[in-house]
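The values are calculated or read from the model by the stated rules, or taken from the named source; none is laboratory data. Source: prediction; values computed, not measured. Cβ placement follows ideal geometry from the backbone for every residue including glycine, while neighbour counts extend to all protein chains displayed. Just the protein is used for accessible areas: all its heavy atoms, side chains included, with ligands, DNA and RNA removed. Shrake-Rupley method; radii C 1.70, N 1.55, O 1.52, S 1.80 Å.
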Amino acid sequence: MSFNTFGHMFRFTTWGESHGPALGVVVDGCPPGIALSAEIIQRDLDRRKPGQSRFTTQRREEDLVHILSGTFADEADGLTKTTGTPISLMIENTDQRSKDYSEIKDKFRPGHADFTYQQKYGIRDFKGSGRASARETAARVAAGAVARLVIPQVRIRASLVQMGPHRIDHANFDWDEVDKNPFFCADPIAAQRWEPYLDGIRKDGNSVGAVIEVVAEGVPPGWGAPIYGKLSADLASAMMSINAVKGVEIGDGFAAASLTGTENADEMRAGNAGPYFKSNRAGGVLGGISNGDPIVVRFAVKPTSSILTPRETVTTHNENTEVMTKGRHDPCVGIRAVPIGEAMMALVLADHFLRHRGQTGRDGGVGF
């Protein structure tokens, strides 16, 4: 059985390992006639790639994408466009250091998938964790760049909103600040405060978790389906599939549990363009179907498990020992999860857009 594919009408399958020669993705279900180039995909990959600051892993990968199939040069306008056939994208690995893992090949790293992979398959890739590595997400970001082109009317943005115990102040929230600091943070004051904090974590050979907020604006009402095709369920599944993610919430999420019904329900009023909601505690989804408000999803990323601090563990022969992971690792893997969250949002929304259009013949709701 294979579980490397996600989506229904817009589907993608990732392949490759962290320390293999390359990794990539096959995107299937993309409509024909969409202008696509490596440069378009590269813009998103450049935001995710490692080694961009002292706060991320110093592995040096250019993450250059190669389009292997699914496009054709249109002589009429000189643009390279999708053909409606599978789009295969490849990203070569060029800076692997497998020797960094030779000392721990017989040890299970706490917090990693070493033990569970060994138990399930009877074999595991100890060099960079293979498919369990966050390196796999480069392929998702490439696929997400294609998905954005399917839904150009939707704007998807994300920000780091919490690092360890330190949260942003939403009064300072400014989307224009996200690409101006190394944390993809919309609060410039919080970003300044996080620098010495994460420096201390990094110098101690430790790591810390984070929370990322992803917002999609321009989604019309009607996307998603009741019961087993809920937009919210697919969004939660997509975000939970990202390596190191341990929790997902939509709208107010877990905070809704502390509210009363009068506080939680988003009241509605009649507007010139139709009904509108006075608030968005639901995060843009009601009954598993988009309601026209911005889609708001947050996910929590655990601290990087590969740290320089010795930890107790056992060997593959069930012997007590200690392990310390050498090599190059993110002190806060949540930083590079920001563009990954955007990509997964785009992939789910592109899929639901095509599913909705296929079922109803419309791009959105019935209107008023």
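For the stretch 255-288, name all the residues that are open to solvent by 40 Å² or more (accessible area, probe 1.4 Å) and either within 30 Å of Thr5 (Cβ to Cβ) or in a loop (DSSP other than H, G, I, E, B) (or both). Within the stretch 255-288, Leu259, Thr260, Ala265, Glu267, Asn272, Ala273, Lys278, Ser279, Asn280, Arg281, Leu286, Gly287 meet the criteria. For the stretch 149-174, the set of residues classified as open to solvent by 90 Å² or more (accessible area, probe 1.4 Å) and under 17 Å from the mean Cα position of the chain (by Cα) consists of Arg155 only. In the condition set (1) in a helix (DSSP H, G or I); (2) out of contact with any helix residue (DSSP H, G or I) (no Cβ under 6 Å at 6 or more places or on another chain); (3) open to solvent by less than 50 Å² (accessible area, probe 1.4 Å); (4) among the hydroxyl-bearing types (Ser, Thr, Tyr), Thr116 is compliant with all but (3). Return the residue satisfying two criteria in turn: it lies in the stretch 180-194 and is in contact (Cβ under 8 Å) with a residue 24 or more places away in the chain and surrounded by fewer than 22 Cβ atoms within 10 Å (Cβ to Cβ), and of such residues it is farthest from Ala337 (Cα to Cα). Going through the qualifying residues, I end up with Arg193.
Taken together, the residues in the stretch 209-234 that are within 18 Å of the chain's Cα centre (by Cα) and of a type outside the set (Ser, Thr, Tyr) amount to 12. The set of residues in the stretch 327-341 that are out of contact with any Lys or Arg (no Cβ under 7 Å at 6 or more places or on another chain) and within 18 Å of Ala139 (Cβ to Cβ) comprises Val333, Ala337, Val338, Gly341.
Scanning the stretch 324-356 for residues that are within 25 Å of Ile123 (Cβ to Cβ) and either of a type in the set (Phe, Trp, Tyr) or open to solvent by less than 10 Å² (accessible area, probe 1.4 Å) (or both) yields a count of 1. Out of Glu177, Glu249, one residue alone is surrounded by fewer than 20 Cβ atoms within 10 Å (Cβ to Cβ), within 22 Å of the chain's Cα centre (by Cα), free of Cβ contacts under 8 Å to residues at least 60 places away in the same chain and assigned to a strand (DSSP E or B). It is Glu249.
Tell me, which residue of the stretch 180-212 that is in a loop (DSSP other than H, G, I, E, B) and over 24 Å from Val248 (Cβ atoms) is modelled with the lowest pLDDT? That would be Gly205. Just one of the numbered conditions (1) farther than 26 Å from Thr116 by Cα; (2) in a loop (DSSP other than H, G, I, E, B) is not true of Arg298: (2). Filtering Val296, Val285 for residues that are in contact with a helix residue (DSSP H, G or I) (Cβ under 6 Å, 6 or more places away or on another chain), modelled with pLDDT of 95 or more and of a type outside the set (Lys, Arg) leaves a single hit, Val285. Every test in (1) crowded, with 17+ Cβ neighbours inside 10 Å; (2) β-branched (Val, Ile, Thr); (3) not in a loop (DSSP other than H, G, I, E, B) is passed by Thr321 save one, and that test is (1). Given the condition in contact (Cβ under 8 Å) with a residue 60 or more places away in the chain, open to solvent by less than 30 Å² (accessible area, probe 1.4 Å) and in a loop (DSSP other than H, G, I, E, B), answer yes or no: does some residue in the stretch 230-240 qualify? No, the stretch 230-240 contains no residue that is in contact (Cβ under 8 Å) with a residue 60 or more places away in the chain, open to solvent by less than 30 Å² (accessible area, probe 1.4 Å) and in a loop (DSSP other than H, G, I, E, B). If you go through the stretch 125-148 one residue at a time, how many are touching a residue at least 40 places away in the same chain (Cβ under 8 Å), open to solvent by 10 Å² or more (accessible area, probe 1.4 Å) and not in a helix (DSSP H, G or I)? Summing the residues that are touching a residue at least 40 places away in the same chain (Cβ under 8 Å), open to solvent by 10 Å² or more (accessible area, probe 1.4 Å) and not in a helix (DSSP H, G or I) in the stretch 125-148 gives 4.
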